[in-house]
Structure formats: structure tokens, C-alpha cells
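Enquirer: Quick one: structure below, then a few questions.
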Amino acid sequence: MARILIIDDEKGVCEEFSEVLREEKHEVDCAFNATEGIQKIQSQSFDLIFLDVLMPKMEGREALQKIKEITQTPVVIMSGYLPSHKEKSIVDSGALACLKKPLELNQVFGLIEKALESKNKKN
């Protein structure tokens, strides 16, 4: 079981994604903007963070940078549209991976497993 934070301004995305993850017995929390997500990261521990790129107030790239200053928790970037050259740039700046929406569940579950394996190696 993983403790996962989803940061996405689309409540429907958060609700549906949370439901799928909870069915797999993961503990899930949602934040509907980057500022709220960063506050949760400062006060709680997560195994993996899913972060949307396009959000009001603070976009995903800026949020990724701030998250990386706070925690070593792996961050997966999500986007409805992300050109491949930007994908590479985001991964180079510290994201574990970039996923295109709609999310491919096999990829999601593989990344959760990878994050848990990495955490277990550190402990």
C-alpha cells in the first residue's frame, strides 16, 4: 500500500483517480491547486505525488521545483498535452516520469511499485 497525493485542479480527475487507487488499497489525498498540495507535503508524508502541469496560480513546473526543495518523494507529472521535448525537460528537472491524460493504469501501477521499491531500499 502506498500513500499518494494527487495535485490537480480538475476535481473530477482527482475523484476518479482517487477511486481507482483506493480500489487497489492505496491511501490517497487530493489537493486542487499547487499551493494546497505543497502545504500537504509540508505537513504529511507521501510515497508518491501525481502533479498536473496546467493549473491556475502556480503551474506544475514551478510546483515541482518547490516540492523538490521540501521532499525527496518521487513526483509524476500528468498532462493532457505535453510535447515530448517538454517531457524530457520536466524529467530532467526532477520528475520521476511524465504521463499523458487519460492515464494508462498499467503505467500508474508500475510507477507506484517503483516508488515503493525505492522507498524500501532507503529504509
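Readers should treat all values here as calculations from the given coordinates under stated rules, not as data from a laboratory. None of the values given here were measured: they were computed from a predicted structure. Backbone-built Cβ (ideal geometry, glycine too); neighbour counts: all protein chains shown.
Enquirer: Note down the relative contact order for region 8-97 as a percent, whole number, built from C-alpha pairs under 8 angstrom at least six residues apart.
Expert: 25
Enquirer: With a point put 7 Å past each Cα toward its Cβ, work out how far GLU16 is from LYS119 in nm, to one decimal.
Expert: So the label points at GLU16 and LYS119 sit 2.6 nm apart.
Enquirer: To continue, here is another question. Taking the convex hull of the alpha carbon atoms in the chain, what volume per residue do you get, in Å³?
Expert: Spelled out: Cα convex hull of the chain, divided by residues, is 97 Å³.
Enquirer: On to the next question. For the chain, give me every cysteine whose Cβ has no other Cys Cβ within less than 4.7 Å, ordered by residue number.
Expert: CYS98
Enquirer: Would you calculate, for the chain, the mean residue ellipticity at 222 nm contributed by helices, counting each DSSP H stretch of 4 or more residues as -39,500 (n - 2.57) and dividing by all residues, to the nearest 500?
Expert: The helix-only estimate for the chain comes to -15500 deg cm²/dmol at 222 nm.
Enquirer: Take the Cβ-Cβ distance between SER93 and MET1 as r, set R0 to 25 Å, and report the resulting FRET efficiency rounded to the nearest 0.05.
Expert: So, using R0 = 25 Å, E works out to roughly 0.30.
Enquirer: While we're looking at this one, here's another question. Counting other beta carbons within 10 Å of each Cβ, put ARG3, ARG22 in order, fewest first.
Expert: Least crowded to most crowded, the residues run ARG22, ARG3.
Enquirer: In debye, nearest 20, what is the charge dipole magnitude of the chain about its Cα centre with +1 on Lys and Arg Cβ and -1 on Asp and Glu Cβ, if you could check?
Expert: 480
Enquirer: Another question, if that's okay. Could you give the nm distance between label points at THR35 and ILE70, where each point is 7 Å from its Cα heading toward the beta carbon?
Expert: 1.3
Enquirer: Suppose a student asked you for the relative contact order of region 59-121, using Cα pairs under 8 Å spaced at least 6 residues apart; what percent would you report?
Expert: 33
Enquirer: OK, next. Once the dipole of the chain is set up with Lys and Arg at +1 and Asp and Glu at -1 on Cβ about the Cα centre, which of GLY60, TYR81, LEU103 lies farthest towards its positive end?
Expert: Most positive-ward Cα: GLY60.
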